[in-house]
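First up is the structure itself, then whatever we jot down about it.
The values are calculated or read from the model by the stated rules, or taken from the named source; none is laboratory data. The shown structure was predicted, so the numbers you read here are calculated from the model rather than taken from an experiment. Neighbour counts run over all protein chains shown; Cβ positions are idealised from the backbone, glycine included.
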Amino acid sequence: HTAVDVIRAKRDGGALSDEQIDWVVDAYTEGLVADEQMSALAMAILLNGMTARETARWTRAMVDSGERLHLDVGRPTVDKHSTGGVGDKITLPLAPLVAACGAAVPQLSGRGLGHTGGTLDKLESIPGWRARLSVDEVRAQLRSVGAVICATTEGLAPADRKLYALRDVTGTVEAIPLIASSIMSKKIAEGAEALVLDVKVGSGAFMKSEEQARALAAALVSIGVDHGLAVSALLTDMSTPLGRAVGNAVEVEESVDVLKGGGPQDVVDLTVALAREMLSRAGITADPAAVLASGEAYETWARMIRAQGGDPEAALPRGGHRHVVTAAADGYLTRQDAYAIGVAAWRLGAGRARKEDPVQAGAGILCLAKPGERLVEGQPLLELYTDTPEAIPAALATLADAHGVGDEPPPSTPLVIDTIR
Ligand code: URA
C-alpha cells in the first residue's frame, strides 16, 4: 500500500478494504504515514463518509494500536461515556452509585476543551485528589471500592490520540465515523464489558440537531456490538445546562448534594436513568433510586475520593470575585441557553483555550433560576465566580442573549429523548 493510493480511493468515493485500513492506521501511528497525508485522508472521510464495516474496522485498528486492559475484578464491569455538555457532572454521582449497586465502574476520563467541562478538571478542585493512576492501581481500586474516575493511561489507543490532535487543527473533527471510532476505540481499549453512551442533543452539545445525534448514537452502538460489548445509548437534552452549577468546584458540590439525597431534580433524574441502563446492560438487578436514597452511594464516593488521595470533607475553592446577573423583566423563564452559559463559564476561567492551559477550580456560574420558574424583574438569575475579574465583561457579553422571558411557561421537554439499543 501507499498513503496516496489510500487517499485516492477515499477521495474518489470508494470503500477502503480491511487491509488498507489496518495498514494506514498502523503506519500513521508508527510515523510512516505523514500528518499531511493523514489529514488529506481525514478530509476525504469527512466528505465521503465510511460504511459501518469500514468504521468498525477503523475502530479495531485504533484499539490494536495500543494495549487493551484486562480488568478481571470479580464483578461485572460497566462504563458510561457522555459526548459532553454544559453542567454535565453526571459521572461524579453516577460512578459511585452504580458501584454501590454491585458493578465495577472504570471511568477513564478526559479534560475539558472548549465550552464543555472535563470530569478530571472538576475532580481536581478537591484538595489532594490525584487523576493519574497506574493500571494496577485502577484494578486494585475497582476490587476494593468498585469505582475509579481517572485519566486515560498513555497506552490506550495511541492512534486516536495522534489523530484527534490532527483533526482538531485541520477542520476534520465533525465526521461521524471519525467521532464514533475515536470515542469507541478508547472505551473498547479500557476493557469494560458493558457501556452506556449519553449522546447529547442541543445548543450546548457537539451535535446540535436530533438527526445528527441519532446518527452518532447509531454509529457508536453499532461499533460496540461489533466488538462484543453490551452497549446502548440514551439521547438526552442539552439545550439548557444540567443542574444549577456550571464550572469545576461548584459542580463537585452539586454532585455531593445529589449523593446526599438532595440536588437539582434533572441531575438526580439523569443519574438514575443512566444507572438503570448501565445496571441492565451489566445484568445486575438493583434499584439505583433506592441505593441513592440509602446513602450507600455517598459512602462509595467518599471511599473513591480518599483512595485517590482526596479529602471528601474538605472545603472547596470558590472564585474570589462574584458578579450577579438579574432578571430583566417579570415573567416565566422560557429559555436558558446551554451554549451561552458554557462559553461564559469558560471565559470566567472554568475551561481552557489550549490544552496545556490550567483551569480555575473556583470559576463558574450558578443558575439561581431554571427554565419554567417565575421571575420578578431584578431578581438574581445567575451568580458568576472568577479569580480573574477582567474576564467578567466578556462573560456578560456572551450571556446577553442567553435567556428568554415570556408570559407563558415553556412547554416541558423530556430530558431523556430516546434509548437506542
Ligand atoms: N470526543 C472524542 O473522544 N473524539 C472525537 O472525535 C470527538 C469527541
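What to note about this one:
- Among the residues of the stretch 31-51, those that are more than 27 Å from the chain's Cα centre (by Cα) and not in a helix (DSSP H, G or I) comprise 31, 32, 33, 34.
- Screening the candidates 31, 74 for the property of being closer than 30 Å to residue 100 by Cα, out of contact with any Gly (no Cβ under 9 Å at 6 or more places or on another chain) and surrounded by fewer than 20 Cβ atoms within 10 Å (Cβ to Cβ) yields one hit, 74.
- Any hit, the stretch 101-118, residues being away from the ligand (no atom under 16 Å from the Cβ) and free of Cβ contacts under 8 Å to residues at least 40 places away in the same chain: no
- In the condition set (1) more than 10 Å from the ligand (Cβ to nearest atom); (2) more than 15 Å from residue 109 (Cβ to Cβ); (3) at pLDDT below 90, residue 162 is compliant with all but (3).
- Checking residue 140 against (1) among the small types (Gly, Ala, Ser); (2) at pLDDT 95 or above; (3) crowded, with 24+ Cβ neighbours inside 10 Å, the condition it does not meet: (3)
- Among the residues listed as 173, 169, the single one being in contact with a helix residue (DSSP H, G or I) (Cβ under 7 Å, 6 or more places away or on another chain), without any contact (Cβ under 8 Å) to a residue 24 or more places away in the chain and aliphatic (A, V, I, L, M): 173
- Summed over the stretch 94-128, the residues that are touching a Gly at 6+ places or on another chain (Cβ under 6 Å) and farther than 26 Å from residue 293 by Cα give a count of 8.
- Those residues of the stretch 359-377 which are within 21 Å of residue 398 (Cβ to Cβ) and either among the basic types (Lys, Arg) or modelled with pLDDT under 95 (or both), in sequence order: 359, 370
- Here the stretch 250-287 is the region considered, the condition is being out of contact with any helix residue (DSSP H, G or I) (no Cβ under 9 Å at 6 or more places or on another chain) and acidic (Asp, Glu), and the residue that is surrounded by the most Cβ atoms within 10 Å (Cβ to Cβ) is 277.
- The set of residues in the stretch 150-159 that are more than 10 Å from the ligand (Cβ to nearest atom) and either without any contact (Cβ under 8 Å) to a residue 40 or more places away in the chain or under 22 Å from residue 23 (Cα atoms) (or both) comprises 154, 155, 156, 158, 159.
- So residue 220, is it surrounded by 24 or more Cβ atoms within 10 Å (Cβ to Cβ), out of contact with any Ser or Thr (no Cβ under 8 Å at 6 or more places or on another chain), of a type in the set (A, V, I, L, M) and over 22 Å from residue 77 (Cβ atoms): no
- Restricting attention to the stretch 233-284, the residues that are more than 29 Å from residue 211 (Cα to Cα), free of Cβ contacts under 8 Å to residues at least 60 places away in the same chain and among the polar types (S, T, N, Q) add up to 0.
- Unmet criterion (only one of (1) out of contact with any strand residue (DSSP E or B) (no Cβ under 9 Å at 6 or more places or on another chain); (2) modelled with pLDDT under 95) for residue 93: (2)
- Residue within the stretch 8-24 that is closer than 25 Å to residue 215 by Cβ and in contact (Cβ under 8 Å) with a residue 60 or more places away in the chain present: no
- Selected residue [within 14 Å of the ligand (Cβ to nearest atom), assigned by TED's automatic domain parsing to the domain that holds residue 282 and either more than 25 Å from residue 419 (Cβ to Cβ) or over 15 Å from the mean Cα position of the chain (by Cα) (or both)] from 173, 135, 145, 221: 173
- Listing of helices (runs of 4 or more DSSP H) fully contained in the stretch 192-290 that carry 1 or more residues being among the β-branched types (Val, Ile, Thr) and under 29 Å from residue 346 (Cβ atoms): 249-259, 265-282
- Contacts under 7 angstrom Cβ, first residue in the stretch 383-400 being modelled with pLDDT of 95 or more, partner outside any loop (DSSP other than H, G, I, E, B) and of a type in the set (S, T, N, Q), 6 or more apart: 392/386
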